[in-house]
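Working notes, beginning with the structure itself.
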Amino acid sequence: MSKGKYTFADWKSGQIEKDYANKEIEGFNDQNLYGVGYLPQQLHEQGFITDKEYSKIEKAQKEIFDKSVENAYKSFLNEFLERLENAYKPAEFIQNRINRLQSELDRASNHILEQVYEGNWSKVGIGHKAYAMVNNSDGMGWTYLHNTIQTPADNTRSANHVFVSTVSLYQIEELEKLLKSEYSKSEKDDRRSYGQHQKNRKWIIEKFEEQESKQPSQNKTAIAVKELYKKEFGLNIDKSTVLRYNDRM
């Protein structure tokens, strides 16, 4: 193909990467190429792709990045929320996950963190295969896409660290909201709630005994009582408190 002839269609079909792999792009200098994600950019800079066609490619790459981040962080978050249902100390469980994610962020370079906090994205690893995966209705495609972007792939020198850190940051933000809205109380509220719980202790014990035969485990029983307690008294009660009142701890 001559200069200016590569199109968005050539990129999404894999023709550009195929020609590059087969060394069929005559006159192309790939000395500074940083993986397949930046192949279209390099070709555009050297005149092999027009402004109009490159704009389409870059727009598609950003959409891939954004969709991948959203899917990845929501998948991780949903998995965590399932585990949270049976957590002995939910607030501590959430805080521990936040700390772990923050530790991962802290290990990232200042350059990466600056991009993440600024809301930037990165083309690393985002080639035609990633495009195909995003547009694949099969849910497994997202898993492959996450792995493709997160780990070094063919002709890619490194993982997409902006992607990895952005996913961690989004999880932290959602978990902090959850911690604040569901589990954060002032000492005054804690004392007031504790006094109310003590007054309602007999009710809690009776409901626990009532629910125990209906639930598969003590944890599930405590969760059921917790929900009934909220409906009955309009108060939140920790699962650990329900278990303690019933001598199950």
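The values are calculated or read from the model by the stated rules, or taken from the named source; none is laboratory data. Predicted model, so just to flag it, every value in this text is computed and none were measured. Here Cβ is always computed from backbone atoms with ideal geometry, including for glycine, and neighbour counts include all displayed protein chains. Ligands, DNA and RNA are stripped out before the accessible areas are found, and what is left, the full protein with its side chains, is counted by its heavy atoms. Shrake-Rupley method; radii C 1.70, N 1.55, O 1.52, S 1.80 Å.
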- [ ] Treating cross-link reach as a plain straight distance, find the lysines whose alpha-carbon is under 16 Å from the alpha-carbon of LYS123, omitting any fewer than eight places away in the same chain.
- [x] LYS12, LYS56, LYS59, LYS62, LYS67
Task: Surface accessible to a 1.4 Å probe, ARG244 within the full protein complex, Å² - done: 100 Å²
TODO: With the full set of protein chains in place, find how many percent of the accessible area of the range 1-49 is carbon and sulfur; take the probe as 1.4 Å.
DONE: 42 percent
TODO: Using a 1.4 angstrom probe on the protein heavy atoms only, line up HIS161, HIS128, HIS111 by accessible area, largest first.
DONE: HIS111, HIS161, HIS128
Open item on the list: Taking a virtual spin label 7 Å from the Cα of ARG100 along the C-beta vector, which residues in the range 34-77 bring their backbone nitrogen under 18 Å of it?
Closed with: 72-77
Open item on the list: Spelling out what I want: for every residue of the range 28-35, take phi, set θ = phi - 60°, compute 6.51 cos²θ - 1.76 cosθ + 1.60 (Karplus), and round to whole Hz; glycine and proline get x.
Closed with: 7, 9, 9, 4, 9, 5, 10, x
Task: Derived scalar couplings ³J(HN,Hα) [the range 56-70; Karplus, 6.51 cos²θ - 1.76 cosθ + 1.60; whole Hz; x for Gly, Pro] - done: 5, 5, 5, 4, 5, 5, 5, 4, 4, 4, 5, 5, 5, 4, 4
TODO: Please find the FRET efficiency linking GLU82 to GLN15, where r is the Cβ-Cβ separation and R0 is fixed at 35 Å, and quote it to the nearest 0.05.
DONE: 0.25
TODO: For the range 125-136, just list the computed ³J(HN,Hα) in residue order, Karplus coefficients 6.51, -1.76 and 1.60, θ = phi - 60°, integers in Hz, with x standing in for Gly and Pro.
DONE: x, 9, x, 5, 5, 5, 4, 5, 5, 5, 8, 9
TODO: For LYS202, go through the lysines and keep the ones whose alpha-carbon is under 28 Å away, minus same-chain ones fewer than eight residues off.
DONE: LYS89, LYS185, LYS188, LYS214, LYS220, LYS226, LYS230, LYS231, LYS239
Open item on the list: Could you compute how much accessible surface GLU118 exposes when probed at 1.4 Å, giving the result in Å² to the nearest 10?
Closed with: 120 Å²
Task: Residues with amide H under 5 Å from that of ILE49, placed H, sequence gap 5 or more - done: GLY4, HIS44
Open item on the list: With every protein chain kept in place and ligands, DNA and RNA left out, what is the accessible area per residue of the range 65-144? Probe 1.4 Å, answer in Å².
Closed with: 59 Å²
Open item on the list: With +1 assigned to the C-beta of every Lys and Arg and -1 to the C-beta of every Asp and Glu, and no other charges, what is the dipole magnitude of the range 1-93 about the Cα centre in debye, to the nearest 20?
Closed with: 160 debye
Open item on the list: Could you sort SER68, SER55 by their accessible area in this structure, using a 1.4 Å probe and putting the largest first?
Closed with: SER55, SER68
